[in-house]
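Contents: one structure, followed by commentary.
The values are calculated or read from the model by the stated rules, or taken from the named source; none is laboratory data. Remember, predicted model here, so these are calculated numbers, not experimental data. Don't worry about glycine lacking a Cβ; one is built from the backbone with ideal geometry, like all the others, and counts go over all protein chains shown.
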Amino acid sequence: MKKQFFFSASILQLLIFTFFYSTTTTTSAQLSPVQAPQSSSPAPGFNTVPLVPVSPSGSPTPNIIPKTPSIDIIQILKKGKRFSVLIRLLKTTQLINQLNSQLVTTSSDSGGLTLFAPEDSAFTKLKPGFLNSLSDRHKVELLQFHTLSSFVTISNFDTLTNPVQTQAGDDAKRLQLNVTTSGSSHVSMTTGAVNATVTGTVYADNKLGIYQVDKVLVPLDLVLPPAKAPAPAPVSKGDSSKPDDRSKSSSSFDDDENNNLPAKASSGAGSSNMKGMWIALVVGIAFAWW
């Protein structure tokens, strides 16, 4: 009896196991369809870098690839967080457009730009009202005096020849900038009106260098009185090189002399001549009557 019981229980367990196994297999087959095997290596020509990367906000960035990497001086100065006055001057004078355009058209092998950037505290050291007293032309000159038409690294300032020519012009007296170096990174400069020091590097790549200075580089041209035009050389009376003198006759000189007489003297001479004529006429009549 016991053998029959165990035999029946075994058959029952086998049936139950077979039932659950078939149910599980069917459910798995419905939930997980067969997928094609994927290759572990990318297909030929497949670019793993997205052509249009997604920005942090979730919107794709424009699919624009510039021919030349653009450099925005204003954005660089904004990241410095201490050049708000300089930024305002570059914008109001519109000189920033010229500088950015120069960077785009300049190759990394030659040219470039070097900009001396006075921090906001440097402008507070100027005479009160100095910036407001400058005309638009002088504001542009002030900014150009802070700009060199070549890229200079912090370690190559000792290769410059004094006076250093800036974009403001080449007047050695009124637009002079002399640079001296000490050690590998200490750079000081003088304009004849201001002594300044480079206090750090704001930005430097292969064609743009922006260096922070502790004072505004004011040129002598904005301090000295305006240059006067030279007076014309005096011309001697006997100079025979003037064609007008050679063409004048003696009668014309007499006319000039008469014309130069005062009005009273001329009228007096005329009245005296009239009196003389009347006296001569009376004397003549008297002699004829006698």
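Some notes on this structure:
- Restricting the first member to region 75-98 and to residues that are closer than 14 Å to residue 202 by Cα, and the second to residues that are among the small types (Gly, Ala, Ser), the beta-carbon pairs closer than 6 Å and six or more apart or on different chains are 83/117; 86/117.
- Some residue of region 108-119 being more than 27 Å from residue 186 (Cα to Cα), at pLDDT below 95 and hydroxyl-bearing (Ser, Thr, Tyr): no
- The set of residues in region 76-114 that are assigned to a loop (DSSP other than H, G, I, E, B), more than 14 Å from the chain's Cα centre (by Cα) and not small (Gly, Ala, Ser) comprises 81, 82, 83, 106, 109.
- One residue from 153, 199, 166 being under 21 Å from residue 77 (Cβ atoms), polar (S, T, N, Q) and modelled with pLDDT of 95 or more: 166
- Selection within region 97-144 - surrounded by 19 or more Cβ atoms within 10 Å (Cβ to Cβ) and small (Gly, Ala, Ser): 112, 117, 122
- Residue 161 meets all of the listed conditions (1) surrounded by fewer than 20 Cβ atoms within 10 Å (Cβ to Cβ); (2) under 15 Å from residue 212 (Cα atoms); (3) of a type outside the set (A, V, I, L, M, F, W, C) but one, namely (2).
- Selection status of residue 221, farther than 22 Å from residue 99 by Cα, in contact (Cβ under 8 Å) with a residue 60 or more places away in the chain and within 20 Å of the chain's Cα centre (by Cα): yes
- Scope region 139-185; condition in contact (Cβ under 8 Å) with a residue 12 or more places away in the chain, over 22 Å from residue 89 (Cα atoms) and among the aliphatic types (A, V, I, L, M); matching residues: 152, 154, 160, 164, 179
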